[in-house]
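Participant: One structure, as structure tokens, below. Some questions next.
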Amino acid sequence: MKILAIYPYGDKIFKTSSSKVLPNFSCIPIGFASVITQIKKSGYKIDLAVLINDRTIEKNINKIFSKCEYDAVFLTCVSQYSGLTGKIAGFIKKYNPSVKILIGGAHATLFADSLIKSKKYDAVCVGEGFKTVRLYADYLAGRRKASDLDGFYIKEKNKILKNHVAAFCDFAEFPVIDRKIWEPYVDDSNVHSVLISRGCVHRCSFCVNHVFKSKNTGQYVSCRNINDILKEIKLITKKYPDTKNIILESETLTVNLKFTYKLLETLKKYNNSIKNKLSFRINISFNNGVKKDIFNFIKKLKQANVTCVNIGLESGSVRIRSEILNRPDYSNDDFIEFCDVIKNAGLSLILCVMFAIPTETKEEVKETVDIIKRIDPYCVNSAFFCIYPGTDISKLTEKNKIYASANAKMKNVFIKALKEISDNFGIHRKRLRVKTISELAAKQK
């Protein structure tokens, strides 16, 4: 059986020095890459295509299938590129209706019920898939029954079978991802990303983490074994000697400081043992634990050669953070002080914010912009707010019939704020923003 894995990358946002789509290895989706790795380990033949949204996409798909006969296509999808993913699936079915198409990823988990009804898809992977997806490959190969595939919605004999949820994997089972298959699409090999934990203990109302937690059984929030993390870093540097920077992918790095300090100490020792030191980039959340140990925390970051920190402010309004977003409790002054300590230590600071949050006022938009100016970060990752189904905020907005502000006057306020930030601080990323859950769901049909 021959499988084609497709990563819909959307538009070619970042410039590369070649015709390759992905700027570096940090742009690889770790979850999907682990799925491909597991399929290869199971003995199945699998190819990869990274597709961008341009006028030649249908021609490129036809070219791929004219060169090789594929039995199945595995698609991953985030909501931002759901339109592109649907387009790709439609072109494939048009070219060869017998090809079985499986869709997985965050978007598939959120919209499994509507996606399985679409004529474009034969199965939907719900929840974590790196371990379960090989079971679907076994099913296509005639080795398993459809009813044996926990974590999948499957069409069989004109009927839809919705199986039980699957169990979360033990992190010890998580593979060192196969990067070689991605090489034809990656421009520069000096930046990589390594997964160090899964899930988040916080329950921010807009985040899908608490939705994903309900889609599998077992322990969701988990830290990876530090020896396994180091093993992967060593393999990366051996395979790609020009590696300079590694992004440590985690949403809980400042929650379990005991684990964090042990990891940072391990990275420090490793850096001291090699000629060309690696630099690291991390994602952190601001909370009382790190607030109390702020200077020691920064010291350990520096010792491990962490050079860049991503942190979410989300909104400069205390009301929005506490009443609407359910963010960890902190004052603006505390947050600004923490950011100042990061900057004064010589670390680059990337700030994440959102606009068009439900009930957000013009004055609160200004609060966010003013705090960004006071912090003066290296750059800002700004976005329009998006409501995802099943999240706490979707229930709040549906119950109280409040949505992201949509009138023309407020829209201009949001756009003006985004422009001001992007003109002064670099990164400007627009996310899909919808007024209602039904509007987004309707797009999946």
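The values are calculated or read from the model by the stated rules, or taken from the named source; none is laboratory data. Everything quoted here is computed from the prediction, not taken from an experiment. Neighbour counts are summed over all protein chains in view; Cβ atoms, including those assigned to glycine, are modelled from backbone coordinates with ideal geometry. With ligands, DNA and RNA removed, areas are computed over all heavy atoms of the protein, side chains included. Shrake-Rupley method; radii C 1.70, N 1.55, O 1.52, S 1.80 Å.
Participant: State all residues of the range 321-332 that are without any contact (Cβ under 8 Å) to a residue 40 or more places away in the chain and open to solvent by 10 Å² or more (accessible area, probe 1.4 Å); if no residue qualifies, say none.
Facilitator: Answer for the range 321-332, where residues must be without any contact (Cβ under 8 Å) to a residue 40 or more places away in the chain and open to solvent by 10 Å² or more (accessible area, probe 1.4 Å): 322, 323, 331, 332.
Participant: Between residues in the range 300-320 that are within 24 Å of residue 267 (Cα to Cα) and of a type in the set (Val, Ile, Thr) and residues that are open to solvent by 10 Å² or more (accessible area, probe 1.4 Å) and assigned to a helix (DSSP H, G or I), which pairs lie under 9 Å by C-beta distance while being six or more apart or on different chains?
Facilitator: What qualifies is 306/300.
Participant: Would the range 143-150 turn up any residue that is open to solvent by less than 20 Å² (accessible area, probe 1.4 Å), without any contact (Cβ under 8 Å) to a residue 60 or more places away in the chain and farther than 30 Å from residue 231 by Cα? Spell out how you get there, then give the answer.
Facilitator: Keep residues of the range 143-150 that are open to solvent by less than 20 Å² (accessible area, probe 1.4 Å), which gives 146, 149.
If we keep only those that are without any contact (Cβ under 8 Å) to a residue 60 or more places away in the chain too, we end up with 146, 149.
Adding the requirement that they be farther than 30 Å from residue 231 by Cα leaves 146, 149.
The answer is yes; a qualifying residue exists.
Participant: What number of residues in the range 10-28 are modelled with pLDDT under 65 and of a type in the set (Ser, Thr, Tyr)?
Facilitator: As a first pass, look at the range 10-28 and keep what is modelled with pLDDT under 65: 11-17.
Next cut, of a type in the set (Ser, Thr, Tyr) only: 16-17.
Matching residues across the range 10-28 total 2.
The rows are residues; the columns are (1) of a type in the set (A, V, I, L, M); (2) at negative phi; (3) open to solvent by 30 Å² or more (accessible area, probe 1.4 Å).
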| position | (1), (2), (3) |
| --- | --- |
| 30 | yes, yes, no |
| 50 | yes, yes, no |
| 80 | no, yes, yes |
| 85 | no, yes, no |
| 88 | yes, yes, no |
| 92 | yes, yes, no |
| 95 | no, yes, yes |
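Participant: So, in the range 203-250, how many residues would count as being open to solvent by less than 20 Å² (accessible area, probe 1.4 Å), within 20 Å of residue 129 (Cα to Cα) and outside any loop (DSSP other than H, G, I, E, B)?
Facilitator: Residues meeting the conditions: 3.
Participant: Here's something else I'd like to know. Residue 179 passes all but one of (1) crowded, with 17+ Cβ neighbours inside 10 Å; (2) modelled with pLDDT under 95; which number fails?
Facilitator: Going through the list (1) crowded, with 17+ Cβ neighbours inside 10 Å; (2) modelled with pLDDT under 95, residue 179 breaks only (2).
Participant: Sticking with this one: Could you say whether any residue in the range 349-370 is surrounded by fewer than 21 Cβ atoms within 10 Å (Cβ to Cβ), touching a strand residue (DSSP E or B) at 6+ places or on another chain (Cβ under 9 Å), polar (S, T, N, Q) and in contact (Cβ under 8 Å) with a residue 24 or more places away in the chain?
Facilitator: no
Participant: Considering only residues that are among the acidic types (Asp, Glu) and over 14 Å from residue 311 (Cα atoms), look in the range 251-298 and name the one that is least open to solvent (accessible area, probe 1.4 Å).
Facilitator: If we take residues in the range 251-298 being among the acidic types (Asp, Glu) and over 14 Å from residue 311 (Cα atoms), then 293 is least open to solvent (accessible area, probe 1.4 Å).
Participant: Pull up the range 59-78, narrow it to residues that are open to solvent by 10 Å² or more (accessible area, probe 1.4 Å) and under 30 Å from residue 384 (Cα atoms), then point me to the one that is farthest from the chain's Cα centre (by Cα).
Facilitator: 76
Here's the yes/no breakdown for (1) basic (Lys, Arg); (2) at pLDDT 95 or above; (3) out of contact with any strand residue (DSSP E or B) (no Cβ under 6 Å at 6 or more places or on another chain):
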{"residue": "234", "(1), (2), (3)": "yes, yes, yes"}
{"residue": "239", "(1), (2), (3)": "yes, yes, yes"}
{"residue": "244", "(1), (2), (3)": "yes, yes, yes"}
{"residue": "247", "(1), (2), (3)": "no, yes, no"}
{"residue": "258", "(1), (2), (3)": "yes, no, yes"}
{"residue": "266", "(1), (2), (3)": "no, yes, yes"}
{"residue": "279", "(1), (2), (3)": "no, yes, no"}
{"residue": "288", "(1), (2), (3)": "no, no, yes"}
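Participant: Restricting the search to the range 373-382, which residues are buried (at least 20 other Cβ atoms within 10 Å of the Cβ) and under 24 Å from the mean Cα position of the chain (by Cα)?
Facilitator: Once the filter is applied, which keeps residues that are buried (at least 20 other Cβ atoms within 10 Å of the Cβ) and under 24 Å from the mean Cα position of the chain (by Cα), the range 373-382 yields 377, 380, 382.
Participant: Hey, another quick one. Using the structure shown, decide if residue 343 is over 24 Å from the mean Cα position of the chain (by Cα) and more than 20 Å from residue 421 (Cα to Cα).
Facilitator: no
Participant: Let me ask another. Please tell me if residue 135 is farther than 30 Å from residue 234 by Cα, open to solvent by 40 Å² or more (accessible area, probe 1.4 Å) and out of contact with any His (no Cβ under 7 Å at 6 or more places or on another chain). Give the steps one after another, and end with the answer.
Facilitator: Values: farther than 30 Å from residue 234 by Cα: yes; open to solvent by 40 Å² or more (accessible area, probe 1.4 Å): no; out of contact with any His (no Cβ under 7 Å at 6 or more places or on another chain): yes.
Taking the combined requirement at face value, the residue does not satisfy it.
Participant: Would a scan of the range 58-74 turn up a residue that is under 30 Å from residue 232 (Cβ atoms), in contact with a Pro (Cβ under 8 Å, 6 or more places away or on another chain) and either of a type outside the set (Val, Ile, Thr) or touching a residue at least 24 places away in the same chain (Cβ under 8 Å) (or both)?
Facilitator: Within the range 58-74 (the criterion being under 30 Å from residue 232 (Cβ atoms), in contact with a Pro (Cβ under 8 Å, 6 or more places away or on another chain) and either of a type outside the set (Val, Ile, Thr) or touching a residue at least 24 places away in the same chain (Cβ under 8 Å) (or both)), the answer is no, since none of the residues qualifies.
Participant: Just to be sure, is residue 378 modelled with pLDDT under 95 and touching a Leu at 6+ places or on another chain (Cβ under 6 Å)?
Facilitator: yes
Participant: Can you name the residue in the range 198-214 that is in contact with a Phe, Trp or Tyr (Cβ under 8 Å, 6 or more places away or on another chain) and basic (Lys, Arg) and, of all such residues, is nearest to residue 126 (Cα to Cα)?
Facilitator: Only one residue fits best here, namely 213.
Participant: Right, next: Restricting to the range 299-309, count the residues that are open to solvent by less than 40 Å² (accessible area, probe 1.4 Å) and not in a helix (DSSP H, G or I).
Facilitator: Number satisfying all stated conditions: 4.
Participant: Quick one: count up the residues across the range 182-202 that are farther than 14 Å from residue 26 by Cα and surrounded by fewer than 20 Cβ atoms within 10 Å (Cβ to Cβ).
Facilitator: Residues flagged as farther than 14 Å from residue 26 by Cα and surrounded by fewer than 20 Cβ atoms within 10 Å (Cβ to Cβ) within the range 182-202 amount to 5.
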